[in-house]
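So the structure is just underneath, and the comments pick up after that.
The values are calculated or read from the model by the stated rules, or taken from the named source; none is laboratory data. Here the structure is a predicted model, which means the values were calculated and not measured. As a convention, Cβ positions derive from the backbone with ideal geometry for all residues, glycine included, and neighbour counts pool all protein chains shown.
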Amino acid sequence: MKRQRGRTNLPVPAIALACSAIAFFALPLIGLLWRAPWSQAWRYINDDASLAALRLSLICSLWATVLSIVFGVPLAWLLARVQFRGRSFVRALCTLSMVLPPVVGGVALFFALGRRGIVGQYLDRWFDLRLPFTTAGVVLAQTFVAMPFLVVTVEAALRQLDGRLEDAARTLGGAPWYTFRRVTLPAIGPAVVAGSVLAWARALGEFGATITFAGNFPGTTQTMPLAVFLSLETNPEKAIVLALVLIVISFTVLVVLRDRWFFGRNGGSSTALP
Amino acid sequence: MRDSWSSALVAAPLAVVLTTLGTVACGSESAQPSSDELIVFAASSLTEAFIAIGVEFEEANPGTDVTFNFLGSTELVAQLLQGAPAAVFVAADDVNMAKVLDAGENDGEPVVFAGNTFEIIVEPGNPQGIHDLADLADQDLIVVLCADSVPCGRGAATILTNAGVDLTPKSFDERVKGVVTKVTSGEADAGIVYVTDVLAVGAAADGVAIPAELNVINRYSAVVTRSAPNSAVARTFVDFVASARGQAILAAHGFLAP
């Protein structure tokens, strides 16, 4: 890291603390790299089960991200811009899955969307539609735990945004949808990207809700985290390699998108992060 | 002037952090088990039975305090080998006990104190009319099994091979309780789990027996660890589990005599 003018004015103790924090995150990763069986790595990655799990993980986490954006951005907008009774209750409700143990989240999804669930029984009876044990079930479980990360991020950005911009657009005759699309959305773009990346990363690593609600079957519902966990029991070396694959993918996305969107444009958009 | 201000701002939280770390360190020191505190690592299928045993053991040995850590045997082994402070280790099968013995973490020989067999778990009242293993092969049934990597999965696979039944489950769970949950919540029609698991959920599920000649018996064993701070108390506990009273409690929870 090069010293930049006017930037590194931090006193030594603060730098020491910051470095401890970096080490706190770096050491476990170094531990994995240290224990990784490098000579076997390619063999572990390049087998049908691993590749199927990887492909499934990427597809499902991307779908979960798309669903999070489509439903989460309007939700964040509602929470940030519309005054209504019980708003804090709704906000807490919509971020509940962030604090719920994921396995409990999976069981709760059963009660809602399983074949005996509140809604699920009618999906089953009327449309012959069953979500548990399907790839769609994986997407649903991942969306359930991931969407709050996007909602929280986008809502924070909307709160920071000067509401007068939207007022001006409306006063000038912009319809609500037009204002949202042409004024609000462009202004919170970086936050939407930031939130999407967070939601995607969370979906990619999702384990508990997935195995509970969607189960674990190679090719249809066995995502990478499930494959990693099961390998830990029988072949810890393989588990480390698969975990590293997951880390490399998310690391690349986080690094690339972060530089490009969070700091590249106007520097200030990092405030959008929760 | 400004510099001294900013260093004060940093020094204050730094002091807080260091004090906290100091306190935590002291705290963990005083949290070391006293001579009569006993930490037992036990396979999660023993939860209900061992809680009952713990209560009676404490009554029979005034002053002792038993603390349990219930988890899957594999996870317990991992924690133990990483230096977790257990005085007694209780495994649900020989494979996991062997890992601890191979690592030399034991003090003395393990004691086999119970067995457990498998059953088909079905919804209450058995609405699908499942009467034997062959019925599970029905393509319309949603069957869930444990994964091969855990003891209940290895058991189920052996049983199905013994019965000559070939079936494709909808899911391979990583925990036996995961299979139980899927059946009790109505998402799966059937699974293969321990007899004790069916008993533990009461009216929420029914069990269909598997003939003894096809069934598998898992052996539960307990051992005192090398790092036990109070091996005498630990040994008393293992003896109590194997005693007539311990056996009666285990039998009441569906476990077989060793």
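The residue that is nearest to the other protein chains (Cβ to nearest Cβ), counting only those in segment B:129-148 that are surrounded by 18 or more Cβ atoms within 10 Å (Cβ to Cβ) and touching a residue at least 60 places away in the same chain (Cβ under 8 Å), is B:Ile130.
Inspect all residues belonging to segment B:190-206 and state whether any of them is in contact (Cβ under 8 Å) with a residue 60 or more places away in the chain, surrounded by 18 or more Cβ atoms within 10 Å (Cβ to Cβ), in a helix (DSSP H, G or I) and among the acidic types (Asp, Glu).
Scanning segment B:190-206 turns up at least one residue that is in contact (Cβ under 8 Å) with a residue 60 or more places away in the chain, surrounded by 18 or more Cβ atoms within 10 Å (Cβ to Cβ), in a helix (DSSP H, G or I) and among the acidic types (Asp, Glu).
Go through segment B:177-191 and give me each residue that's under 17 Å from the mean Cα position of the chain (by Cα), more than 7 Å from every other protein chain (Cβ to nearest Cβ) and of a type in the set (Val, Ile, Thr). The answer is B:Val179, B:Val180. B:Ala232 satisfies every condition listed in (1) surrounded by 16 or more Cβ atoms within 10 Å (Cβ to Cβ); (2) farther than 24 Å from B:Lys177 by Cβ; (3) not acidic (Asp, Glu) except (1). Restricting to segment A:180-228, and then to whatever is among the β-branched types (Val, Ile, Thr) and away from chain B (no Cβ under 14 Å), can you tell me which residue is surrounded by the most Cβ atoms within 10 Å (Cβ to Cβ)? The extreme case among them is A:Ile188. Residue check, B:Leu80 against (1) among the aliphatic types (A, V, I, L, M); (2) over 15 Å from the mean Cα position of the chain (by Cα); (3) more than 26 Å from B:Gly191 (Cβ to Cβ), all met but one. Which one? Going through the list (1) among the aliphatic types (A, V, I, L, M); (2) over 15 Å from the mean Cα position of the chain (by Cα); (3) more than 26 Å from B:Gly191 (Cβ to Cβ), B:Leu80 breaks only (2). For segment B:249-258, the condition holds for at least one residue, the condition being that it is of a type outside the set (Gly, Ala, Ser) and part of a helix (DSSP H, G or I).
Of the helices (runs of 4 or more DSSP H) that lie entirely inside segment A:174-257, those containing 2 or more residues that are more than 30 Å from B:Lys99 (Cα to Cα) span A:176-179, A:185-205, A:236-257.
How many residues are within 14 Å of another protein chain (Cβ to nearest Cβ) and not in a helix (DSSP H, G or I) if we restrict to segment A:11-47?
Step one: filter segment A:11-47 for residues within 14 Å of another protein chain (Cβ to nearest Cβ), giving A:11-21, A:24, A:28, A:31, A:35.
Pick out the ones that are also not in a helix (DSSP H, G or I) and you get A:11.
Looking only at that region, the number is 1.
Taking the criterion of being within 14 Å of chain B (Cβ to nearest Cβ) and outside any loop (DSSP other than H, G, I, E, B), would at least one residue in segment A:71-92 satisfy it? For segment A:71-92, residues within 14 Å of chain B (Cβ to nearest Cβ) and outside any loop (DSSP other than H, G, I, E, B): absent.
Checked against (1) more than 13 Å from every other protein chain (Cβ to nearest Cβ); (2) in contact (Cβ under 8 Å) with a residue 40 or more places away in the chain; (3) among the β-branched types (Val, Ile, Thr), A:Val66 meets all criteria but (2).
Scan segment B:108-117 and give yes if some residue there is assigned by TED's automatic domain parsing to the domain that holds B:Thr47 and more than 21 Å from the chain's Cα centre (by Cα), otherwise no. Checked against the condition, which is being assigned by TED's automatic domain parsing to the domain that holds B:Thr47 and more than 21 Å from the chain's Cα centre (by Cα), segment B:108-117 yields at least one hit.
Take B:Ala200 and decide whether it is in contact with a helix residue (DSSP H, G or I) (Cβ under 6 Å, 6 or more places away or on another chain) and away from every other protein chain (no Cβ under 13 Å). Against the criterion (in contact with a helix residue (DSSP H, G or I) (Cβ under 6 Å, 6 or more places away or on another chain) and away from every other protein chain (no Cβ under 13 Å)), B:Ala200 qualifies. Summed over segment A:103-139, the residues that are more than 9 Å from chain B (Cβ to nearest Cβ), surrounded by fewer than 22 Cβ atoms within 10 Å (Cβ to Cβ), aliphatic (A, V, I, L, M) and within 26 Å of the chain's Cα centre (by Cα) give a count of 5. Only a single item in (1) loosely packed, with under 10 Cβ neighbours inside 10 Å; (2) under 20 Å from the mean Cα position of the chain (by Cα); (3) within 14 Å of chain B (Cβ to nearest Cβ) is not met by A:Val99, and it is number (3). Would you check if there is a residue in segment B:160-171 being in contact (Cβ under 8 Å) with a residue 12 or more places away in the chain, basic (Lys, Arg) and under 26 Å from A:Val228 (Cβ atoms)? Within segment B:160-171, one or more residues are in contact (Cβ under 8 Å) with a residue 12 or more places away in the chain, basic (Lys, Arg) and under 26 Å from A:Val228 (Cβ atoms).
With the condition kept exactly as written, say whether any residue in segment A:146-157 is touching a residue at least 12 places away in the same chain (Cβ under 8 Å), of a type in the set (A, V, I, L, M), within 14 Å of chain B (Cβ to nearest Cβ) and in contact with a helix residue (DSSP H, G or I) (Cβ under 7 Å, 6 or more places away or on another chain). Scanning segment A:146-157, I find no residue that is touching a residue at least 12 places away in the same chain (Cβ under 8 Å), of a type in the set (A, V, I, L, M), within 14 Å of chain B (Cβ to nearest Cβ) and in contact with a helix residue (DSSP H, G or I) (Cβ under 7 Å, 6 or more places away or on another chain), so the answer is no. When restricted to residues that are surrounded by 14 or more Cβ atoms within 10 Å (Cβ to Cβ) and either within 14 Å of chain A (Cβ to nearest Cβ) or not in a helix (DSSP H, G or I) (or both), segment B:157-176 contains 11.
Scan segment B:226-239 and tell me whether some residue there is over 30 Å from B:Glu37 (Cα atoms), more than 14 Å from every other protein chain (Cβ to nearest Cβ) and of a type in the set (S, T, N, Q). The answer is no; no qualifying residue exists.
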